[in-house]
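Inspection log for the structure reproduced underneath, given as structure tokens.
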Amino acid sequence: MARKGENIYKRKDGRYEGRYIKGYKLDGTAKFGYIYGKTYADVKDRLIKLKAGNSNKSTVVSSNLKLSEWFDIWYDNLTHVKQSTKTIYRSYANKHLKPKMGNIRLKKINRDVLQRYVDELSIELSAKSVKAIFSMTKLCLKAAYDSRLIENIYDNIRLPKTVSKEVKVLTKQEQERLEQVIENFGNNNDIGVLICLYTGIRIGELCALRWENINLDRKMMTINRTMYRVIDSNGTHKTKIVFSPPKSVTSERDIPIAEFLVERLRKMQKKEGFVINNNGKYVEPAVYRRRYKRLLELADIDYITYHAIRHTFAVRALELGVDVKTLSELLGHSSVSTTLNYYGHSLPEHKRNQIELIGSLFSQSK
């Protein structure tokens, strides 16, 4: 039997079991953790340390919680999002939400308070960043609403208008110079840039690509996972590399490989392992970006982000007349509208050619 208040029990197998509250669920019920030891004293000592380390998670759920405390409870219960998304949420909270609103108690937060928060963010950050941060904040507050801790204060908040920016891509001349530099160097890993230029895959998808995902006989490439670095969830703030399925269901896709790429891949093909590798070990995106930056310098091209390679593929495809539905599937976009939102405004010359094509019907009808 446990001594009063200590939650330590002797098991039938002779060991001692200690129970402690490691956090709370969104409905206010406690989440318990368990430890085991050979002696009562050992378990008691470890319980004391665990309870001290989890003291910030032992607050009873109520509307009297500070927003920072509620965020931690909500965050600890997030199980339906990727670790990479959770890492972004944690960054948003530490940089913006907690410094500006963290000390306000849930019962004191109203629509005016939330609007001032958004307005302050709008002064410091781009409209796109403000919307991303508010989207996370809204999810957090909606969970509080669902738990009956607050009213609905997050609807009808005025957000800044996003101004569409022109998609930056390599010009045809720059692309030719970059491809020539890759040709001259003969570095096997540099083929990754060519793969992205002619398939449109993301850098995380490239770095996670294995030879098992490539069928050169069928001239097809299967994209079924991506690689990224996240903050480890063990509380040490260290980071680790994670492999997971791509961004969405539509991001898992089969992509045809151009004949010239098939020939180059055959020359370096292996039975297994990473296509982009360092002595067999994977190369993470941050490292590969440094190599890409060096290639740009050698090609005398002003720096442009690696993601611009994906944009370049999309724009070249549209210039050559690839239909938007096919392009959307190749890029792994969730819908055609996503593709149009990205690239619909970036090709005035392409639009002009299409109009002239339609206009030609007039002369044909005479």
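Output the 0 to 90 degree angle, nearest 10, between the alpha-carbon long axis of helix 348-364 and the longest principal axis computed from the alpha carbons of the chain.
Helix 348-364 sits at roughly 50 degrees to that axis.
Using +1 on the beta carbon of Lys and Arg, -1 on that of Asp and Glu, and nothing else charged, what's the dipole of the chain about the Cα centre, debye to 20?
The calculated dipole for the chain is roughly 2040 debye.
Per residue, what volume in Å³ does the convex hull of the Cα atoms of segment 173-238 enclose? All intermediate terms of the calculation are to be shown ahead of the outcome.
Details: hull volume 8.9 nm³, N = 66.
Hull volume over Cα atoms, normalised by residue count, gives 135 Å³.
I need the per residue convex hull volume for segment 255-360, using only the alpha carbons, in cubic angstrom as a whole number. Walk me through the numbers on the way to the answer.
Numbers: hull volume 17.6 nm³, N = 106.
It comes to 166 Å³ per residue, whole-number rounded.
For the chain, with all protein chains present and a 1.4 Å probe, just round the carbon and sulfur fraction of the accessible area to a whole percent.
Numbers: 10750 of 21440 Å².
Using a 1.4 Å probe with all protein chains present, the chain comes out at 50 percent carbon and sulfur.
Suppose each label sits 7 Å from its Cα in the direction of the beta carbon; what would the Phe362-Leu340 distance come out to in nanometres?
2.5 nm
Determine, for each peptide in 90-98, 199-207, 151-159, the mean count of other beta carbons within 10 angstrom over its residues, then list the peptides with the highest first. Kindly include the intermediate steps, with their values, before the conclusion.
Values: 90-98: 17.6, 199-207: 24.3, 151-159: 12.9.
For the peptides 90-98, 199-207, 151-159, the packing ranking is 199-207, 90-98, 151-159.
Considering the options Ala127, Tyr20, Tyr303, tell which one lies farthest towards the positive end of the dipole of the chain, charges being +1 on Lys and Arg and -1 on Asp and Glu at the Cβ, about the Cα centre.
Tyr20
Which ³J(HN,Hα) values, rounded to whole Hz and listed in residue order, are derived for segment 143-154 from phi using the Karplus coefficients 6.51, -1.76 and 1.60 in 6.51 cos²θ - 1.76 cosθ + 1.60 with θ = phi - 60°, glycine and proline given as x?
Calculated HN-Hα couplings, in order: 5, 5, 5, 4, 8, 6, 9, 9, 7, 6, 10, 9 Hz.
Nothing charged except the Cβ atoms of Lys and Arg (+1) and of Asp and Glu (-1): what's the magnitude of the dipole of segment 80-148 about its Cα centre? Round to the nearest 20 debye.
Details: 16 positive and 5 negative charges, 57 e Å.
That gives segment 80-148 a dipole magnitude of about 280 debye.
Take the alpha carbon gyration tensor of segment 261-312, find the square roots of its eigenvalues, order them as a ≥ b ≥ c, and report rounded if a/c is under 1.5; if not, report prolate when a/b exceeds b/c, else oblate.
Judged from the Cα gyration tensor, segment 261-312 comes out prolate (a/c at least 1.5, a/b above b/c).
Expressed as an acute angle from 0 to 90° and rounded to the nearest 10, what is the orientation of the C-alpha long axis of helix 40-53 relative to the principal long axis of the chain?
For helix 40-53, the angle is close to 60 degrees.
If you count only protein heavy atoms with a 1.4 Å probe, what accessible area per residue comes out for the chain, rounded to a whole Å²? Mind dumping the intermediate values first?
Working: 21440 Å² over 366 residues.
Accessible surface, normalised per residue, equals 59 Å².
Order Leu209, Leu361, most accessible first, counting only protein heavy atoms with a 1.4 angstrom probe. Write out the running numbers ahead of the final one.
Values: Leu209 5, Leu361 105 Å².
Result of the area sort, largest leading: Leu361, Leu209.
Give the Rg (one decimal place) followed by the Dmax (whole number) of the chain, computed from C-alpha coordinates and expressed in Å.
26.9, 100
Given the pairs Lys128/Lys325; Lys107/Lys128; Lys131/Lys240; Lys271/Lys293; Lys142/Lys293; Lys131/Lys293, which are separated by over 32 angstrom at their Cα positions? Please list the in-between numbers first.
Values: Lys128/Lys325 26 Å; Lys107/Lys128 29 Å; Lys131/Lys240 28 Å; Lys271/Lys293 30 Å; Lys142/Lys293 42 Å; Lys131/Lys293 30 Å.
Correct reply: Lys142/Lys293.
Please label the shape of segment 55-192 as rounded, prolate or oblate, based on the square roots a ≥ b ≥ c of the eigenvalues of the alpha-carbon gyration tensor (a/c under 1.5 means rounded; beyond that, a/b larger than b/c means prolate, else oblate). Walk me through the numbers on the way to the answer.
Values: a/c = 3.67, a/b = 2.09, b/c = 1.76.
In terms of gyration-tensor shape, prolate.
Projecting each Cα onto the charge dipole of the chain (Lys/Arg +1, Asp/Glu -1 at the beta carbon, about the Cα centre), which of Trp211, Ser334, Asn156 comes out farthest on the positive side?
Asn156
Helix 67-76 sits at what angle to the longest principal axis of the chain, using alpha carbons and giving 0 to 90 degrees rounded to 10?
70 degrees
Give me P(r) over segment 184-327, computed from all C-alpha to C-alpha distances, binned every 10 Å, as integer percentages.
Bins of 10 Å from zero give 10, 39, 37, 12, 2, 0 percent of pairs.
At R0 = 35 Å, how high is the FRET efficiency between Arg291 and Asp155 if r is their beta carbon distance? Nearest 0.05 is fine.
On the way: r = 46 Å, r/R0 = 1.33.
The calculated FRET efficiency here is 0.15.
Students often check this: by mean Cβ neighbours within 10 Å, which of 277-286, 313-322 ranks highest, and how do the rest follow?
313-322, 277-286
The values are calculated or read from the model by the stated rules, or taken from the named source; none is laboratory data. From a predicted model like this one, the values you see are computed outputs, not experimental measurements. No Cβ is skipped: glycine too gets one built from the backbone with ideal geometry, and neighbour counts run over all protein chains shown. For accessibility, only protein heavy atoms count, side chains too; no ligands or nucleic acids. Shrake-Rupley method; radii C 1.70, N 1.55, O 1.52, S 1.80 Å.
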